[in-house]
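The next block holds one structure in the form of structure tokens; read it before the comments.
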Amino acid sequence: MIRLALLLLAGALAFAQAPFGLVVHGGAGSVTAQRYPPPADKPYRDGLERALAAGYAILEKGGSAVDAVEAAVRVLEEDPHFNAGIGATVTRAGTHELDAAIMDGATLKAGAVAGLQHVKSPIGLARLVMDRTPHVLLIGEGAEAFARSQGLEPVPNTFFRTPAQWEAYQKAHKPVTRDTVGAVALDRKGNLAAATSTGGMLDKLPGRVGDAPLIGAGTYADNRTCAVSCTGWGEFFIRAAVAHDVSARMEYKGDALAKAAADALDKATRMGGPGGLIALDAQGHYTLPFTTPGMFRAVRLSTGVHEVKLFGGA
Ligand code: ASP
């Protein structure tokens, strides 16, 4: 009897002390103090804080890492300052095409969507693909039909348009990266998850799919290694399989998280594709490397870490 009580107590203590938390990003790119001087930086910092709060509240109550990353990314999709959901980039044809993916590190199940034009929350639909279909990736019209079959109300494509993205589109002469969003989380049970959502590159050709919805390229999670969400020039992140490369370096080489992430990112950058990523491991270590001038990023862990940063040091 006493042994059982002690065991239960030890279990409860371990649950209470196990680190948990999440990291979010709002994209890497020409994020500099000159471009975002106060108070222009405030809506970005506030948006990242809101995403952290949404995910952290779920983790604190004992909710899952998958629920936390979905909730955090939904907040950023609804925020017009970031290139995901409302505020998505404009394609060369003047439309919006959205991509997203989510992965559960406990089961290695994943769901993803690409080329959406009428689904309010791409990450929400990616979650439904993971939970309610035998598939991993649904695209275009088939994905839209699946969304309707799940009771999601279609929105007009202009729902995603913001004056800032429209102006950027009118000035754009070539495809450029624009502030994808993502989240990685560790829950109290030690499970990891990753989620990424984006409008993709500004001025992309219609039909172009980036790294964000491709499992192993822009998004990956495995409880045995880490959870990763990438941002940057997607074509290079696809070719370098960056998100899975971080996990593979940990699994095959025994690299620590920070080294694995830096080396995987360096590979994509040397190939010609700068960017950044956020990654978290099952012990609560995190890393936020980027090879661009800045990256919108924020961390909140049960160990007390709580920070929001946009540029090199701040
Ligand atoms: N990785 C995204 C894409 O290529 C863009 C970005 O992160 O800025 O679609």
Options Ala279, Ala256, Ala298; residue that is within 16 Å of the ligand (Cβ to nearest atom) and touching a helix residue (DSSP H, G or I) at 6+ places or on another chain (Cβ under 8 Å): Ala279
Residue under evaluation Ala168, criteria (1) modelled with pLDDT of 95 or more; (2) in a helix (DSSP H, G or I), criterion not met: (1)
Total residues in the stretch 223-275, condition within 24 Å of Arg188 (Cβ to Cβ), of a type in the set (Lys, Arg) and surrounded by 15 or more Cβ atoms within 10 Å (Cβ to Cβ): 0
Candidates His285, His244, filtered to the one that is more than 10 Å from the ligand (Cβ to nearest atom) and touching a Gly at 6+ places or on another chain (Cβ under 6 Å): His244
Scan of the stretch 197-218 for residues that are touching an Asp or Glu at 6+ places or on another chain (Cβ under 8 Å), assigned to a strand (DSSP E or B) and not small (Gly, Ala, Ser), ordered by number: Thr198
Sole exception among (1) touching a Gly at 6+ places or on another chain (Cβ under 8 Å); (2) of a type outside the set (A, V, I, L, M, F, W, C); (3) more than 8 Å from the ligand (Cβ to nearest atom); (4) within 15 Å of Ala261 (Cα to Cα) for Gly218, by number: (3)
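Just one of Thr292, Thr303, Thr269 is polar (S, T, N, Q) and under 30 Å from Lys61 (Cα atoms); which is it? Lay out the reasoning, then the answer.
Details: Thr292 fails: under 30 Å from Lys61 (Cα atoms); Thr269 fails: under 30 Å from Lys61 (Cα atoms).
Answer to the check: Thr303.
Select from the stretch 53-107 the residues that are part of a strand (DSSP E or B) and aliphatic (A, V, I, L, M) and list them in ascending order. I'd like the intermediate steps shown before the answer.
Of all residues in the stretch 53-107, those part of a strand (DSSP E or B) come to 98-104.
The answer is Leu98, Ala100, Ala101, Ile102, Met103.
Consider Ser229 carefully, then state whether it is out of contact with any Asp or Glu (no Cβ under 9 Å at 6 or more places or on another chain) and within 16 Å of the ligand (Cβ to nearest atom). If you could, list the steps in order and put the result at the bottom.
Numbers: out of contact with any Asp or Glu (no Cβ under 9 Å at 6 or more places or on another chain): yes; within 16 Å of the ligand (Cβ to nearest atom): yes.
So Ser229 passes the test.
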Out of Asp179, Asp211, Asp187, sole residue that is within 18 Å of Val73 (Cα to Cα), modelled with pLDDT under 95 and under 17 Å from the mean Cα position of the chain (by Cα): Asp179
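Could you list all residues from the stretch 91-112 that are among the β-branched types (Val, Ile, Thr), farther than 24 Å from Asp187 by Cα and more than 13 Å from the ligand (Cβ to nearest atom)? Give the steps one after another, and end with the answer.
Residues of the stretch 91-112 among the β-branched types (Val, Ile, Thr): 91, 95, 102, 107.
Next cut, farther than 24 Å from Asp187 by Cα only: 91, 95.
Listed by number, the list holds a single entry, Thr95.
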Considering residues of the stretch 85-133 that are in contact with a helix residue (DSSP H, G or I) (Cβ under 9 Å, 6 or more places away or on another chain) and at positive phi only, the residue surrounded by the most Cβ atoms within 10 Å (Cβ to Cβ): Gly85
Wholly within the stretch 260-314, strands (runs of 3 or more DSSP E) carrying at least 1 residues that are among the aliphatic types (A, V, I, L, M), farther than 24 Å from Asp245 by Cα and touching a Lys or Arg at 6+ places or on another chain (Cβ under 7 Å): 306-309
The stretch 232-241, subset under 24 Å from Val66 (Cβ atoms) and assigned to a helix (DSSP H, G or I), residue farthest from the ligand (Cβ to nearest atom): Ile238
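The values are calculated or read from the model by the stated rules, or taken from the named source; none is laboratory data. In this text the structure is predicted, and so the values were computed from the model without any measurement. For neighbour counting, all protein chains shown are included, and Cβ atoms are generated from backbone atoms with ideal geometry for every residue, glycine included.
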